[in-house]
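The values are calculated or read from the model by the stated rules, or taken from the named source; none is laboratory data. The model shown is predicted, which means the values in this text are computed figures rather than measured ones. Here the Cβ is made from the backbone with ideal geometry for all residues, glycine too, and neighbour counts use every protein chain on show. For the accessible areas, the whole protein counts, side chains as well, though only heavy atoms, and no ligand, DNA or RNA atoms are used. Shrake-Rupley method; radii C 1.70, N 1.55, O 1.52, S 1.80 Å.
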Amino acid sequence: MISRTTLIAVTDQTYQPTLSQLRAFVAVAEYRHFGTAAARLSVSQPTLSQALAALEHGLGLQLIERSTRRVLVTAAGMRLLPKAVATLEAADRFVASATGDGLGGALRMGIIPTVAPYVLPGLLPELRKKLPALHPQVVEDQTARLLEGLRTGVLDVALLALPTEVPGLVEIPLYTEEFVLVTPRGHELAGRTDLAPSVLDSLPLLLLDEGHCLRDQALDLCRSAEIHPAAVGDTRAASLSTVVQCVAGGLGVTLIPEMAVASETARGTLDTAHFAAPAPGRTIGLAYRTSTARAEDYEYLAAIIRTQRPM
């Protein structure tokens, strides 16, 4: 017979959780996967599991429900998660105050895939130059997971498209960029600068896969203009590089943000066309929690990022 151990909610009043235990709990609650959470924290999976087990034992509560197929946050875990996040933020503020440098040490920065490859090459060297004590930890992911990471404290800031329309976040707009139509070489629309969104009607429009905000923005543009591109969803990719290679191969056309044009069309096998003003586009910004005491530091970070916009 297999017996099961049940945690009884009797907390040892002398018990004091460690920051490592709280970080383990927050990471597992965010990623719902022990391997991923361990990788994000740069610890082994057994170390992570031991830290979480010690926290649960000390509290006399089950915070995470585990099985071979899934990881769930219990009701007690959901109740305590915001408090764990607040405790970790307070500890980070304490260390920052002790060093006299609010942007020293680790900074967990999320960034969407349609921004990361074009901003990071200039931004990371600039951060090393202006903030030598800062150690950025970059997490590239889709918008929904970055927002969840902010909410649970796994991330400190996120660079993404605004507005997020998520309560509890401060959003700092950094810049607005236009969408550019990318076509195969010699396409009838190539080189034009007076396009109307209606030109997309019945064109084979290639998009990123589900979950990418750029896909949603392109579809929103089509809906607002009441147009119906052909073959939307037939070809999808996880990166802009793959999408534009499909365009180069004659599979259709696509929309890419202005910052990506120079990099993605450098091989010379593509043409571009621009929309007439006011051109459709997006706003990129920095988001962080309203509960943080590092707002001034993040304003400075935003100023640095703003100067590194690729053109």
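Over the stretch 19-98, with the other protein chains present, what is the accessible area per residue in square angstrom, probe 1.4 angstrom? Present the calculation step by step, with values, prior to reporting the outcome.
Details: 4180 Å² over 80 residues.
Heavy-atom SASA per residue in the stretch 19-98 reads 52 Å².
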Handout entry: Net charge over other residues, Cβ less than 9 angstrom from the Cβ of residue 151 (K, R count +1; D, E count -1)
Key = -1
Fill in the blank from the handout: Scoring the chain by relative contact order with C-alpha pairs under 8 Å, at least six apart, yields a percentage of 20 percent
Handout entry: Where only alpha carbons of the stretch 19-98 are counted, the Rg and the Dmax (Å)
Key = 12.5, 43
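Could you order the peptides 253-264, 268-279 from most to least packed, using the average number of other C-beta atoms within 10 Å per residue?
Values: 253-264: 21.4, 268-279: 15.2.
With the highest mean Cβ count within 10 Å placed first, the list reads 253-264, 268-279.
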Exercise for the section: Give me Rg over Rh for the chain, both radii from the alpha carbons and Rh done the Kirkwood way, two decimal places. Expected result: 1.05
Handout entry: Assigned charges on the beta-carbon of Lys, Arg, Asp, Glu; the chain dipole about Cα centre (debye)
Key = 960 debye
Completion exercise
In whole angstrom, largest first, the equivalent ellipsoid semi-axes that the Cα gyration tensor gives for the stretch 177-280 are 17, 16, 13
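Give me the orientation-averaged projected area of the Cα convex hull of the stretch 79-163, in nm², one decimal. Let's see the in-between values first.
Numbers: hull surface 24.6 nm².
In nm², the orientation-averaged hull projection of the stretch 79-163 is 6.1.
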Practice task
State the percentage of accessible surface on the chain attributable to carbon and sulfur atoms; use a 1.4 Å probe and exclude ligands, DNA and RNA.
Solution key: 54 percent
Problem - Charge-dipole axis of the chain as Lys and Arg at +1 and Asp and Glu at -1 on Cβ define it, positive-most pick from 50, 251, 132 - result: 50
